[in-house]
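Written out below as structure tokens is the structure these notes cover.
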Amino acid sequence: MVHNWRAAVCVAGALWLAVASVSRAPIQAAQTSPTPSPVPAAQRAVFKQYCLSCHNETLKKAGTVPVALDAESLWDVAGNAATWEKVVLKMRAGVMPPAGVPHPDRPARASFLNWIEGELDRVAAARPNPGRTEPFHRLNRTEYRNAVRDLLALDIDVSSMLPADDASYGFDNIAGVLKMSPTLMEQYLAAAQRVSRLAVGAPAPAPSIEYVRITDDLPQDVHLPGLPFGTRGGTQVNHVFPADAEYEIRVRIARDLNESVPVYTEAQNVEINIDGVRVGGFTLPGVGAQPARQGGAGNRGGGAAPARGGGAAPARSGAPPAAPADGGNQEPERPQISQIDAGIRVTARQREERNRADESWNLRIPIKAGPRSLVVTFTNRTSAIDESIRLPFQRPYPAGVNIPETRLGVHLRSVEIAGPYNVTGPGDTPSRQRIFSCRPAQGSGGASPAIGDACARRILTTLARRAYRRPVTDADVTPLLAFYREGDSFDEGMQRAIRRLLVSPEFLLRVERDPASAKSGAPYRISDIELASRLSFFLWSSIPDDELLTVAERGQLRDAAVLSAQVKRMLADKRSEAFVVNFAGQWLFLRNLQAVVPVQVIFPDFDDTLRQAFRRETELFFDSLVREDRSVLDLLRADYTFLNERLARHYGIPNVKGSHFRRVSLGPGSARSGILGQGSILTVTSYPDRTSPVVRGKWILENLLGTPPPPPIPNAGDLKPTSGDGIVLSMRQRMEQHRRSPVCASCHAMMDPLGLSLENFDAVGKWRTLGESSGSIDASGMFPDGTKFQGASGLKQMLLQSDRFVPTATEKLLTYALGRGLEHYDAPAVRAIVRSAARDDYRFSSLITGIVQSPPFTMRRAE
Amino acid sequence: MFVTKTFLPRRTFLRGVGATLALPLLDAMVPALTAQAQTAARPIRRLGFIYLPNGVARNFTGINYWTPLGEGPSFEFSPILKPLESFRDRMVVISGLAQHQADAHDDGANGDHTRGTSSWLTGVHPKRTEGADIRNGISADQIAAAEIGRDTAQPSLELAIDLNFLGGQCENSYACAYMNTLSWSSATTPLPTENNPRIVFERLFGDGGTPEQRVARAKENRSILDSVMADLDRQQKSLGPGDRTKVSDYVDSVREVERRIQRVEQRSASDLPDLNQPSGIPERFDEHVKLMYELQWLAYRADITRVVTFMLGRELNFRTYPEIGITEGHHGLSHHQDNPNQLAKYAKLNTYQTELFGWFLEKLKSTPEGDGTLLDHSLFLYGAGLSNPNLHAHYDLPLVLVGSAAGQLKGGRHIVYKQETPMTNLLLSMLDKAGVRPEKLGDSTGRLEVLSGL
């Protein structure tokens, strides 16, 4: 009984192929089909032999296959485009026919697919369906942030003002699910208030506190990228100071597990810089030698500067301080390691004093308004470390192990920026320069806003045009002016008007309207203005700039040459970083790195710098492909990457020194070439404690081949880490348990062999030759179509040759560009983009140009 | 680049970062409350729904860390529920209920987790789609919010712990919204959850300034919304009829916010507490959860909201809990493979979750309100959308009711209902106790006997 049920589930699971991926929602064409072309006998024969032997009514009724394809009516390709696109997808990806059943030979397969695709494309050309984007497309949180940046020259973190957005189809810019709710509306109101005040600097903001917590796994013993040389640890904060005023910078240091400040023999110096200029510092005195017990065994290092304040003796003496308990023991103790305070005796009172040491680390100084970089860091002494010291953990509180502080010097826990106090004025900030393109003729500022009406109108017209991304009329500016006039001064009036602007539906929503002339259900070309927004949100995740808007207003954007010149300009612009971070970050799951916490006892050297380096490497790499206009195939095969010392050490690549990233050539055939050799991808596709060939295989199927398998069926069974007699199994042996169960085999036969080929990379992307079972790793793999290959390089070769890699990349790009899921009727457009990019070796610009010139991007179906 | 912003310090809750505007919490709150409690004509009833992701530590072949031994008043606490022992007389453990709408129906096993969440409070089988046509049903909390939340500044709060922007974390063919929230204000409107204590705080109390400033700001916001409404009217006229309905979300939101602002304005300025603002998301799970509970406690206490949903994590999340020695990802661990060791470990995690819930209940119990405590006037549902996670089972769901619901809940019992009784019947009974009496919810077939009678 149980078995039957499981068998049924197995079959349903096995034949996910027909239902996955290309969405089922078909827009059935109402019109009559174009003249069907006769079906060549050869194609019928291929289909009959290799598809219909399983996909027939008999086996469907038996529950073996989910779809039957033997109806004669199917050969009306136009009427069954959705079904045929699925057939094409499955065959191109190599998942159909499945491994182990007869396959057509290469020429027959190619001929069959080309014929079917030709038919589908012919039908589509005769009856184009560009799809219909949603009429309203709310800006997501990232787009809101960028729009504010480009509109008001104000770059602030809005994640503390707005919630994260729901994703669909793998991206968080999908119009259909970006809903509005009362709570969100309230948050937009609150954000508008804050943003407008920051931008204008008036009315003077009330004091508030920005609190920055340094993550526990950010190492503080080493120099950090971007911080001054000669320093270690600390942090850098980009902060917008809202006014010329006094601010208080409060520095707090990390505590140990007992919430005590650890004891260090050396004085610890904190330096505070703003925009590279030192503005102050603090010192935590060392608890070294007490005068009475000067000397002792280990007076190492010498020459340390006397500590400021606190009254402590010179640092860096290893002798134990006056120790009450076993003080009678005259035997000199071993030199104590500075960070293990268990080894250094301090009295309770001393400890209490130390714990209050940073209470007064508050630096109150005048700071000019505007964005500034605040650095709080420690001066580095010697980096020589006692050889007996092992640094087992980069993080301070190893799970479940109550051991004392293991870090070498004092660590930063938090930085607070409080203020503004004693405001002297709004200052001269980039935001004010951007906004105030004019000033009222006289009595600037103080006088009634009515005086500044003409100037205000000018400013608001400019702002509204940019914010609404279209030419504006009086009807747009009048409501803004009304708010402006309520202000007590010119500046405050502008602040009110901007606040109103920021909650305008036309700012928060991208609106696309059917032209009055559009025939219901018919495709039409969207306006140049709408196209400009599609472009800027695609490539910049932000609003169009003046140049793009102007070109659009002149109606020139529909000109292919102008369009491609704009694309080129936009990709070269710094704002296109947003494309890399948002598109690649979501497509390749880089965002997930933030939530990855590998198990400490297995991966003791994983820390936040490594996590950040992983992400940075892949971002820089992807960015270089776009900026240098390389082939999208280089994503898998490029012979270079970007490394800093930390990452190079992790990869075992020598001679990369320092914390900054630089381009590094990889040798021919390097395992690290392409994204499949990068720690980011390898880590986000692993479990916290081990690799997962399943997750890696699934990631490849989903993101590189565009054929996602379903999640495991319930109670799929047991994967034992050891054999019956307790011997640890290799990952391959563990995975082979999947194959023994028919319930699992159908999907795992595709996922596992892909993932297993990457087994030489451990769960944090380190190269290894021995696996869990201490046996050498067998990295042989198999493609879904049954082709066998070896290791990561074999996998890359297979993917490069696959029919599906470039189309999948194109589909992801198009989904992201349109903000909607793709439907079967988009497939002809994808094929056309890929075909045309092929002539240019699939360069990024050719794919992106293909997308922005494609029917789905330039056209829309009327309601 | 390596700055992690706005994290709260370890072991500190609602810490004073409000600098100049800090008043001690309790001093600010108590007078306002006392006054309120005295004037309240009837006890305020509050409803809370707390959701555990990835089921609980049990299988169907003998290992069960959740279900108490014995039925009726003489039940024995199970390991997971043990932390709630001191609430015995105020709690009812409920076994046997099922959420049929979470089952696959014709949609395939793919989506068991998603549906576990999305149908938990709706009793509706969610439409399998990633597109604009997402469809579920109105959720029990929102039915309650429309009634008992009508007079509060925030009719409901939707809270969560996990980040919801990670890639590949939603089941294929289901929009992430189905898994990110329990709350649907209509069949097509999922309400986003918030996991950042700072944002939640600002929703409750505004973003700082004196009470007078906040009221002034509310007035300004109202005039902005009036003006926005005029914009929307103008825009609607230029749209086709189909598109026009799509802007209704926006219009409804603006109207609702206007109503909320009115409610804020109606309160005298002195009613608004002057509090310290939390600064961000604490790193550790327990600290984050406690802070979110503390915010709920504040919201209930100040009567800013009466209805809350709180997700202790998303389904499928891979969080580790090193602070209690759990270094496997949550979802992976939940697929316990019937392995006794793994089940024991998972039970440890579930117990940890329940301890935190107990911490919250204790806080409610020790806060006087009117003739009793906050807990006396509240009712909480604590449980999961999966029972045995290894099977993705949506039946015999782990569910507990806690609170006194103003004397309407007779505690100290373990009630075992007939297997397959719809969970929506329980939700209806809960709504009854809150004075909201919808005829039906999703697939409900009636009220739960025994429970409803009391």
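Some observations on this one:
- Across peptide B:220-228, the mean count of Cβ atoms from other chains lying within 10 Å of each residue's own Cβ comes to 6.
- Pairs exceeding 27 Å between alpha-carbon atoms, taken from A:LYS179/B:LYS433; A:LYS574/A:LYS698; B:LYS82/B:LYS345; B:LYS246/B:LYS290: A:LYS179/B:LYS433; A:LYS574/A:LYS698; B:LYS246/B:LYS290.
- FRET efficiency, A:LEU800 to B:ARG234 (Cβ-Cβ, R0 51 Å, nearest 0.05): 0.40
- Counting charges near A:LEU682 (Lys, Arg +1; Asp, Glu -1) among other residues having Cβ under 9 Å from its Cβ returns a value of +1.
- Residue-wise HN-Hα couplings along the range A:618-624, as the Karplus relation 6.51 cos²θ - 1.76 cosθ + 1.60 with θ = phi - 60° gives them from phi, are 5, 5, 5, 5, 4, 4, 5 Hz; Gly and Pro carry x.
- Under 5 Å between amide hydrogens, built in the peptide plane, is the criterion, and for B:GLU369 it picks out B:LEU374 among residues at least 5 positions away or on other chains.
- With the simple spin-label model, which puts each label point 7 Å out from Cα in the Cβ direction, the A:VAL562 to A:SER73 separation comes to 4.8 nm.
- Aspartates and glutamates with Cα under 14 Å of B:LYS363, excluding same-chain neighbours fewer than 8 positions away: B:GLU294, B:GLU355, B:ASP376
- Mean-position separation - Cα centroids, the range A:612-690 and the range B:375-389, in angstrom: 46
- In plain terms, the residue of A:LEU284, A:LEU184 with the fewest other Cβ atoms within 10 Å comes first and the most crowded comes last, giving A:LEU184, A:LEU284.
- In the range B:329-419, the ratio of gyration radius to Kirkwood radius, Rg to Rh, stands at 1.06 when only Cα atoms are counted.
- Dipole in debye (nearest 20) - the range A:624-697, about Cα centre, beta carbon charges: Lys, Arg +1; Asp, Glu -1: 180
- For the range A:216-254, the residues whose amide N sits under 20 Å from a probe point set 7 Å from the Cα of A:VAL277 along the beta carbon direction are A:227-229, A:236-250.
- The range B:111-270 - Debye-derived log10 I(q)/I(0), Cα point model, q = 0.18 Å⁻¹: -1.23
- Here A:ARG630, A:ARG696, B:ARG150, A:ARG470 are placed in order of increasing Cβ neighbour count within 10 Å, fewest first, which gives B:ARG150, A:ARG630, A:ARG470, A:ARG696.
- Calculated FRET efficiency for the pair A:ASN655/B:SER248, C-beta based, R₀ 60 Å, to 0.05: 0.45
- Taking θ as phi - 60° and the Karplus parameters 6.51, -1.76 and 1.60, the scalar couplings of the range B:91-103 work out to 10, 10, 8, 10, 10, x, 7, 10, 10, 4, 6, 7, 5 Hz in sequence order, x denoting glycine and proline.
- Residue order, fewest to most beta carbons within 10 Å, for B:LYS82, A:LYS698, B:LYS345, A:LYS657: A:LYS657, B:LYS82, B:LYS345, A:LYS698
- Proximal lysines relative to A:LYS48, as straight alpha-carbon distance under 26 Å, when same-chain residues fewer than 8 apart are discounted: A:LYS60, A:LYS61, A:LYS86, A:LYS90
- Peptide A:156-165 is shielded by partner chain Cβ atoms: per residue, an average of 6 of them sit within 10 Å of its Cβ.
- Taking Lys and Arg as +1 and Asp and Glu as -1, the other residues whose beta-carbon sits under 12 Å from that of A:SER780 total -1.
- In the range A:62-116, the trypsin sites (Lys or Arg not before Pro) that fall in loop regions by DSSP, at most 11 other Cβ within 10 Å: none
- With a cut-off of 14 Å between beta carbons, the residues surrounding B:TYR250 carry a summed charge of -3, where Lys and Arg count +1 and Asp and Glu -1.
- Residue-averaged beta-carbon neighbours from other chains (10 angstrom radius) around B:322-334: 4
Throughout, read-outs are computed from the coordinates displayed, never taken from laboratory work. None of these values were measured; they are calculated from a predicted model. Don't worry about glycine lacking a Cβ; one is built from the backbone with ideal geometry, like all the others, and counts go over all protein chains shown.
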